[in-house]
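**Student:** The following block contains the structure, expressed as structure tokens.
Nothing in this text is a laboratory measurement; each read-out follows from the coordinates by a stated rule. All figures in this text were calculated on a predicted structure; none of them were measured in a lab. Positions of Cβ are generated from backbone atoms using ideal geometry, with glycine treated the same way; all protein chains shown enter the neighbour counts.
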């Protein structure tokens, strides 16, 4: 009996000592390492990481109203941004909107009692609604773009300066206005990182086409898809959205707003194969069934293809020939993922329009980090539709609702694990 009591006492004593020492260790660690955890800058006092690991670069780029003869106009909806380098950043906007100041707040009794506009700190103009064209949502017909747009051309909006280039100081140094006439709704711009000639690619979802331009923009060298004609084969798309490349320049097309597939092409633009079927939103769980294929990224090491099944709030992962591998969910509404990015750090970053947050996952789908807040103030997000990172780690976003592109730079002393990974530049610097 005494042996039993002694043994029990020993167990209790061991547990108590372990508990006390464990708590002491935690306390000591907390004192030695303040501010550890999710703070972007370890050990910082105060703050709340409103802009995550970045500082906003205010006034970048300079507004299109600074261009001579364009003083009365500002940017339309910000569709896409691509940083070839810190000193050459491509910007895609859906034309221009009147350059007017925020109106004074007024009561609007015709809509109901106690109503006023604008409301406090809230944005007052939604650029993606105000800008040309209409019919931008899933399932809508590009032929209805001008019919659904509410306004007078030349007064409420105009179709100019859809593709421009800014330098590191935000100066507009190139304007590819010669191509405005072939664009109907330019959606995405990028350069294949494995292409030493640096051809510039533009996806236009309303044209059902993908354009390939020379690096200087002087020549259109290739068109994939049949402009203005929808379809789902080797020569037709149905409102394509994004592109991604493997190291051998194999290209994948997210097709798209109205299409429900991924199309694969070789380095010369020859169609190879496709996969995908129309699903039933918002919670279809069947592999390779899609609802709005609005984002695509590839892992150059495994050659896996990550597809944003936007309408079903999930990412589906395939091998390069369309074999389903696995998936993960982004959660139900208000989740609304706009696009993906996989950088040299081999993490997947996504922007959620519903929560206005940048989201970080590893390639198995484990959630690692998020940041971002909604608003039209510098550094706030509203409708991020494109983003890019340059070789210095600067981060750029294009916003359809705010009608702008913004530039962020890494904060001094930031934990590099919190930064969006630098891009893969294989064939050029």
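**Student:** When 1/r is averaged over all different Cα pairs and the result inverted, which Kirkwood radius in Å belongs to the stretch 209-252? Write out the running numbers ahead of the final one.
**Tutor:** On the way: mean 1/r = 0.0853 Å⁻¹.
Result for the stretch 209-252 stands at 11.7 Å.
**Student:** Going 7 Å from the Cα of residue 266 in the Cα-to-Cβ direction, what parts of the stretch 209-240 have a backbone nitrogen less than 19 Å from that spot?
**Tutor:** Within reach of a label on residue 266: 222-225, 233-236.
**Student:** Using alpha-carbon positions, what is the distance between the centroids of the stretch 59-128 and the stretch 326-348, in Å?
**Tutor:** Between the Cα centres of the stretch 59-128 and the stretch 326-348 lies a distance of 27 Å.
**Student:** Computed on alpha carbon atoms, what radius of gyration and Dmax characterise the stretch 154-303, expressed in Å?
**Tutor:** 16.3, 51
**Student:** Determine the gain in length on full extension of the stretch residue 101-residue 415; use 0.36 nm per residue of separation and subtract their C-alpha separation, reporting nm with one decimal. Could the numbers behind the result be given before it?
**Tutor:** Details: separation 314, 0.36 × 314 = 113.04 nm, distance 3.84 nm.
Here the segment from residue 101 to residue 415 would lengthen by 109.2 nm.
**Student:** Also: For the stretch 100-202, rounded, prolate or oblate, judged on the Cα gyration tensor with a ≥ b ≥ c (square roots of eigenvalues), a/c < 1.5 rounded, else prolate if a/b > b/c? Walk me through the numbers on the way to the answer.
**Tutor:** Numbers: a/c = 2.54, a/b = 1.79, b/c = 1.42.
Prolate.
**Student:** Decide, for the stretch 54-418, between rounded, prolate and oblate: order the square roots of the alpha carbon gyration tensor eigenvalues as a ≥ b ≥ c, take rounded if a/c falls under 1.5, and otherwise choose prolate if a/b is larger than b/c, else oblate. Walk me through the intermediate numbers first.
**Tutor:** Details: a/c = 1.33, a/b = 1.29, b/c = 1.04.
The shape class here is rounded.
**Student:** Per the Kirkwood formula on distinct C-alpha pairs, the Rh of the stretch 118-178 is how many angstrom?
**Tutor:** Details: mean 1/r = 0.0709 Å⁻¹.
In the stretch 118-178 this quantity evaluates to 14.1 Å.
**Student:** Okay, moving on. Identify which of 60, 349, 382 has the largest mean-square fluctuation in a Gaussian network model of the chain, with springs joining Cα atoms closer than 10 Å.
**Tutor:** Result for the chain, Cα springs under 10 Å: 60 fluctuates most.
**Student:** I've got another one for you. Considering only the stretch 54-418, what is the antiparallel percent among its DSSP beta bridges, to the nearest 5? Mind dumping the intermediate values first?
**Tutor:** On the way: 91 of 96 bridges.
Percent antiparallel among DSSP bridges in the stretch 54-418 is about 95.
**Student:** Can you bin the stretch 176-257 into rounded, prolate or oblate? Criterion: square roots of the alpha carbon gyration tensor eigenvalues sorted a ≥ b ≥ c, rounded for a/c under 1.5, prolate for a/b above b/c, oblate for the rest. All intermediate terms of the calculation are to be shown ahead of the outcome.
**Tutor:** Working: a/c = 1.95, a/b = 1.14, b/c = 1.71.
Verdict is oblate for the stretch 176-257.
**Student:** For residue 273 paired with residue 122, estimate the spin-label separation in nm (one decimal), with each label point 7 Å from Cα along the Cα-to-Cβ line.
**Tutor:** Here the modelled spin labels are 4.9 nm apart.
**Student:** Right, next: Would you mind calculating the gained length between residue 367 and residue 62 on full extension (0.36 nm times residue separation, minus the Cα-Cα distance), in nm to one decimal?
**Tutor:** Numbers: separation 305, 0.36 × 305 = 109.80 nm, distance 3.55 nm.
Roughly 106.2 nm would be gained on extension.
**Student:** OK, next. Would you calculate the separation in nanometres between label points at residue 182 and residue 332, each defined as 7 Å from the Cα along the Cα-to-beta-carbon direction?
**Tutor:** With each label placed 7 Å out from Cα toward Cβ, I get 4.6 nm.
**Student:** What nm distance separates the two modelled labels at residue 285 and residue 303, each placed 7 Å from Cα along Cα→Cβ?
**Tutor:** For the pair residue 285/residue 303, the computed spacing is 3.1 nm.
**Student:** Relative contact order for the chain: what percent, with Cα pairs under 8 Å and sequence separation of 6 or more? Walk me through the numbers before you get to the answer.
**Tutor:** Details: 1041 pairs, mean separation 67.9, N = 429.
That works out to 16 percent.
**Student:** Going by how many other beta carbons lie within 10 Å of each one, how would you line up 315, 293, 298, 155, fewest first?
**Tutor:** Numbers: 315 24, 293 29, 298 21, 155 8.
If I rank by nearby Cβ atoms, fewest first, I get 155, 298, 315, 293.
**Student:** Using a 10 Å cut-off around each Cβ, can you sort 49, 352, 255, 205 from fewest to most neighbouring Cβ atoms?
**Tutor:** Numbers: 49 17, 352 21, 255 30, 205 27.
Ascending Cβ contact count within 10 Å gives the list 49, 352, 205, 255.
**Student:** Suppose the chain between residue 377 and residue 147 were pulled fully straight at 0.36 nm per residue; how much longer would it get relative to their current alpha carbon spacing?
**Tutor:** Working: separation 230, 0.36 × 230 = 82.80 nm, distance 3.21 nm.
So the extension gain works out to 79.6 nm.
**Student:** A further question on this structure: Grab the DSSP H runs of the chain that are 4 residues or longer, score each as -39,500 (n - 2.57), total them, divide by all residues and round the 222 nm result to the nearest 500 deg cm²/dmol.
**Tutor:** On the way: 3 runs with 39 residues, N = 429.
-3000 deg cm²/dmol, from helical runs alone.
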